[in-house]
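These notes are about the structure you will find just below.
The values are calculated or read from the model by the stated rules, or taken from the named source; none is laboratory data. Bear in mind the structure is a predicted one, so any value in this text is a computation, not a measurement. No Cβ is skipped: glycine too gets one built from the backbone with ideal geometry, and neighbour counts run over all protein chains shown.
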Amino acid sequence: MSAAPEKLTPHLRALAARSPAVARQFLASAEEEAPADPHDGTDPIGDAAHSPLPGLVHRYPDRVLLLPTMACAAHCRFCFRRDRVGAGRMGEAEIAAALAYVAARPQIREVILSGGDPMTLPAAALADLIRRIDALPSVDVIRIHSRLPVAAPEAAAKAASVLNAETRAARWLALHVNHPDELTAETRAAIRALHRAGFALVSQTVLLAGVNDDAPTLAELFRTLTGLGVKPYYLHHLDRTVGTAHFRVPLDAGRALAEALRGSLSGLAQPTYVLDIPGGFGKVWATAAFVEPDADGAGWTARDANGGAHAYPG
Ligand SMILES: *Cc1c(COP(=O)(O)O)cnc(C)c1O
Ligand code: SF4
């Protein structure tokens, strides 16, 4: 497989020059070429097994992922779709087929736009897609996953001003942000613009070695986000993707961090620590209720929401 080439925006290039945490996330490194761990793959969370149509992933009964573009403004070196980001956009026929799939299944209540970064689409095209999803009567939540307010905040603020049309469905935006250094004045302005445009905001953070794997950094990130009106939603255990081993935080260390935060942060500022079980079994809480160490201490067992047990290397 070939990883996406290094790609940064001018905003991130400037930020990387003064923030080691930003540099580590976006500058390509020789560590990516380390020999692959046998547990690592190129589709660690099993998107392919749950993709009934191009650009659509339907893993949970009540919600679908729509991937209208695989382009991102910048390439995160730890991305689990790192061999796929950069190229490809759904054509009109594929979008129409995906929307028809949703329309035919009223149990689908939420459409999540992901990718790639859907906010890199021309704002008018994204506004049109939102309007078409809003016209599906059983959908009451439209969620966009985006890193654009971090990567290209001025472009995100501009897009927000085009995405301000009222909708029947609630519009949520899940902001991918991993370190307090990413919350620049420009990014804060983009967050305000998204709020003004009518989006409710949550955040997603990937736990990354050498970037944010210490309690003070995470506490500052989650407190700052909460103060900006962005609810910390998920802290993701890193998926097992080839070329990202240098970012891995062991599961027990991640759990210790999540526990340390429990004691010191407002409930509003606490994300849920989650892991995506390899093979497409879905996201589960990475806490003791779902993931237990094996008796021999060599690995872990993760239980999916249906009670299935899965070996997990850590
Ligand atoms: C992560 C994910 C979702 C969203 O899951 P939530 O727990 O609702 O945030 C939906 N579909 C797929 C395929 C996913 O990977
Ligand atoms: S913005 Fe998301 S999809 Fe794009 S490279 Fe980063 S992690 Fe991957």
Study note, to complete from the structure: Reported set for the range 78-94 where residues are more than 8 Å from ligand 2 (Cβ to nearest atom) and out of contact with any Lys or Arg (no Cβ under 8 Å at 6 or more places or on another chain) is D83, R84, A87, G88, R89, M90, G91, E92, A93, E94
Point to revise | Within the range 216-314, strands (runs of 3 or more DSSP E) holding 2 or more residues that are within 16 Å of ligand 1 (Cβ to nearest atom) and β-branched (V, I, T) | key: 272-277
Review point. Do we have I108 as buried (at least 18 other Cβ atoms within 10 Å of the Cβ), aliphatic (A, V, I, L, M), touching a Gly at 6+ places or on another chain (Cβ under 7 Å) and assigned to a loop (DSSP other than H, G, I, E, B) here?
Key: no
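Closer than 30 Å to L218 by Cβ, of a type in the set (G, A, S), within 21 Å of the chain's Cα centre (by Cα) and buried (at least 21 other Cβ atoms within 10 Å of the Cβ), is that true of G198? I'd like the intermediate steps shown before the answer.
Details: closer than 30 Å to L218 by Cβ: yes; of a type in the set (G, A, S): yes; within 21 Å of the chain's Cα centre (by Cα): yes; buried (at least 21 other Cβ atoms within 10 Å of the Cβ): no.
Considered against the rule, which asks whether it is closer than 30 Å to L218 by Cβ, of a type in the set (G, A, S), within 21 Å of the chain's Cα centre (by Cα) and buried (at least 21 other Cβ atoms within 10 Å of the Cβ), G198 comes out as no.
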Review point. Within the range 109-124, which residues are away from ligand 2 (no atom under 16 Å from the Cβ) and either closer than 16 Å to G55 by Cα or among the acidic types (D, E) (or both)?
Key: E110, V111
Practice item. Output yes when any residue across the range 213-230 is within 16 Å of the chain's Cα centre (by Cα), surrounded by fewer than 23 Cβ atoms within 10 Å (Cβ to Cβ) and modelled with pLDDT of 95 or more, and no when none is. Key: no
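In the range 255-277, which residues are of a type in the set (S, T, N, Q) and within 12 Å of L218 (Cβ to Cβ)? Write out each step before concluding.
Here is the first cut: in the range 255-277, the residues of a type in the set (S, T, N, Q) are 264, 266, 270, 272.
Across the range 255-277, the qualifying residues are S264, Q270.
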Check your understanding: Only one of these conditions is not met by L136: (1) crowded, with 16+ Cβ neighbours inside 10 Å; (2) more than 14 Å from the chain's Cα centre (by Cα); (3) at pLDDT below 95; (4) in a loop (DSSP other than H, G, I, E, B). Which number is it?
Key -> (3)
Point to revise | Which numbered condition D62 fails, given (1) within 16 Å of ligand 1 (Cβ to nearest atom); (2) surrounded by 17 or more Cβ atoms within 10 Å (Cβ to Cβ); (3) among the charged types (D, E, K, R) | key: (2)
Check your understanding: Just to be sure, is T205 within 17 Å of D181 (Cα to Cα), in contact with a strand residue (DSSP E or B) (Cβ under 8 Å, 6 or more places away or on another chain), assigned to a helix (DSSP H, G or I) and at pLDDT 95 or above?
Key -> no
Point to revise | Close pairs from the range 108-121: first farther than 20 Å from P153 by Cβ, partner part of a helix (DSSP H, G or I) and more than 9 Å from ligand 2 (Cβ to nearest atom), Cβ under 8 Å, at least 6 apart | key: I108/V102; V111/V102; V111/I133
Revision key, fill the gap. The number of residues in the range 141-198 that are within 16 Å of ligand 1 (Cβ to nearest atom) and farther than 28 Å from V211 by Cα is 5
Exercise for review: Could you figure out which of (1) surrounded by 14 or more Cβ atoms within 10 Å (Cβ to Cβ); (2) modelled with pLDDT under 95 isn't true of A87?
Suggested key: (1)
